[in-house]
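First up is the structure itself, then whatever we jot down about it.
The values are calculated or read from the model by the stated rules, or taken from the named source; none is laboratory data. Being a predicted model, the structure only gives us computed values, none of them experimental. Quick reminder, even Gly has a Cβ in these numbers, built from the backbone with ideal geometry, and neighbours come from all protein chains shown. In case anyone asks, the SASA skips ligands and DNA or RNA and just uses the protein heavy atoms, side chains included. Shrake-Rupley method; radii C 1.70, N 1.55, O 1.52, S 1.80 Å.
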Amino acid sequence: MPTETASKKLAVVNIGRLVTLAGPARPRVGPEMRELGLVSDAAILVENGRIRAAGRFVDLRQEIGPDTTVIDAEGRLVTPGFVDAHTHLVFAGNRAAEFEKRIGGASYQEIAAAGGGIRSTVALTRKASEEELLAQARQHRDWMLRGGTTTLEAKSGYGLDRETELRMLRVLHRLSEEGPLRIVPTLLAAHTVPRELADRREEYLQWIVDELIPEVAALGLARYCDAFCDEHAFTVPETRKVLEAARFHGLSLRLHAEQFQPGTGAALAAELGAATADHLETVTDDTLRLLRAAGVQPVLLPASVFCLGGDRYPPARKMIEMGLPVVIATDFNPGSSPAPSIPFTMSLACLFMRMLPAEALVAATINAAWSLGLGNEAGSLEAGKAADFLIHECWDYRELAYYVAAPARPRVFIAGVEATP
């Protein structure tokens, strides 16, 4: 939580290397994903929580007056705060027992078919009160904050009934209101069919379309609507029904697609003009061309593949070469990706998807911000944007991915205020 009252004027000086990510007002593609806007011997000037200037100290020092609070970065690396564009922040309990079963050889699909997986978390989440969910979600948020996440997207989807889905979205609203992280809420009632309606799929879908989506939209509890398109979740026609209803009611679209098999939703994301298509482990070249033409951003989730013990990662290298504005995110959730760290996700992106460290950093900051409709607010350190930045314990941006799972604790500033959990 904030540790000090915001100073109207703040200067961060003695920055060894500053990653500004200054550039075009759009997501970065191709070679642009390696352009970090690096400045040596740099400074940042902040006023009323926003960046006033970022550049060489020698050019800015005359603007630092006696009424300015000065922070010494001690020659270290400073970057924008991380933006996590795909999380499942709110849930009750955990699935450590299933983690053990997977290690013993059971697949994610086998566990789900036996009544585990998403449905086991649904049962626990339904039993939890709003205050209990809020307390556990705060812990998850604090883990992310410690690692440098300053903005995140978070989904419902562990309720699958009116009361619990609304409860989860209210928790996200409360967390966003109390700060310090900026939280973007997404409705994901089309996560799976609840156990009690397993033989009445159409009834559940119709309820989402006719009742839940209109209510959530009217209450302003979500900015996006998502759906899980897969053989053990929802078919393409079912997913279309949900997303078209969401679009009609003013919600923007995201989509879990092509995680386990091709043909599960990415083309639909392109057709409907979704903001993102997420996962994409099995996506084909033809479908990637559709996403590029439609301006859909791919959100890649390597920690999910890693935590499931898989070896088929999304083809990030090909996407970048094709000119797609790649995003990486944690997919933090209790089952397939209990991994809340963006730096760890960056390491996986480099090691297993062959992304360069600069590309991974762009994918976890400015490109992620654009995927949430926040590219003019967050993701880079440019005049007028929120002063969300990190003072790292290292001096080289490549170290963020190079030191895998390092217990690093950057100093985190959100809107110019230092924040600690």
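A few points about this structure:
- Residue match in region 210-229 (condition: within 18 Å of I118 (Cβ to Cβ) and β-branched (V, I, T)): no
- Annotation: R167 fulfils all but one of (1) basic (K, R); (2) touching a residue at least 40 places away in the same chain (Cβ under 8 Å); (3) touching an Asp or Glu at 6+ places or on another chain (Cβ under 8 Å); the unmet one is (2).
- Among the residues listed as E258, E244, E215, the single one being at pLDDT 95 or above and over 28 Å from P325 (Cβ atoms): E215
- Scan of region 329-388 for residues that are within 12 Å of the chain's Cα centre (by Cα) and charged (D, E, K, R), ordered by number: D331
- Residue match in region 187-203 (condition: touching a Gly at 6+ places or on another chain (Cβ under 7 Å), among the hydrophobic types (A, V, I, L, M, F, W, C) and open to solvent by less than 60 Å² (accessible area, probe 1.4 Å)): yes
- For region 105-125, taking the residues that are open to solvent by 70 Å² or more (accessible area, probe 1.4 Å) and free of Cβ contacts under 8 Å to residues at least 60 places away in the same chain, the one that is nearest to F332 (Cα to Cα) is identified as L124.
- Test result for R162, farther than 22 Å from I213 by Cα, at pLDDT 95 or above and either in contact with an Asp or Glu (Cβ under 9 Å, 6 or more places away or on another chain) or among the β-branched types (V, I, T) (or both): no
For (1) part of a strand (DSSP E or B); (2) of a type outside the set (S, T, Y); (3) buried (at least 19 other Cβ atoms within 10 Å of the Cβ), each residue gets a yes or a no:
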site	(1), (2), (3)
N14	yes, yes, no
V39	yes, yes, yes
V46	yes, yes, yes
R61	no, yes, no
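- For region 275-391, the helices (runs of 4 or more DSSP H) that sit wholly inside it and include 2 or more residues that are open to solvent by less than 10 Å² (accessible area, probe 1.4 Å), touching a residue at least 12 places away in the same chain (Cβ under 8 Å) and farther than 16 Å from E32 by Cβ are 285-294, 302-307, 342-353.
- Unique residue being basic (K, R) and over 25 Å from S176 (Cα atoms) when the list is R141, R102, R146: R102
- Taking the criterion of being surrounded by 23 or more Cβ atoms within 10 Å (Cβ to Cβ) and either under 18 Å from F332 (Cα atoms) or not small (G, A, S) (or both), the residues of region 252-267 that qualify are L253, R254, L255, H256, A257, E258, Q259, T264.
- Unmet criterion (only one of (1) in contact (Cβ under 8 Å) with a residue 40 or more places away in the chain; (2) surrounded by 15 or more Cβ atoms within 10 Å (Cβ to Cβ); (3) out of contact with any helix residue (DSSP H, G or I) (no Cβ under 9 Å at 6 or more places or on another chain)) for P80: (3)
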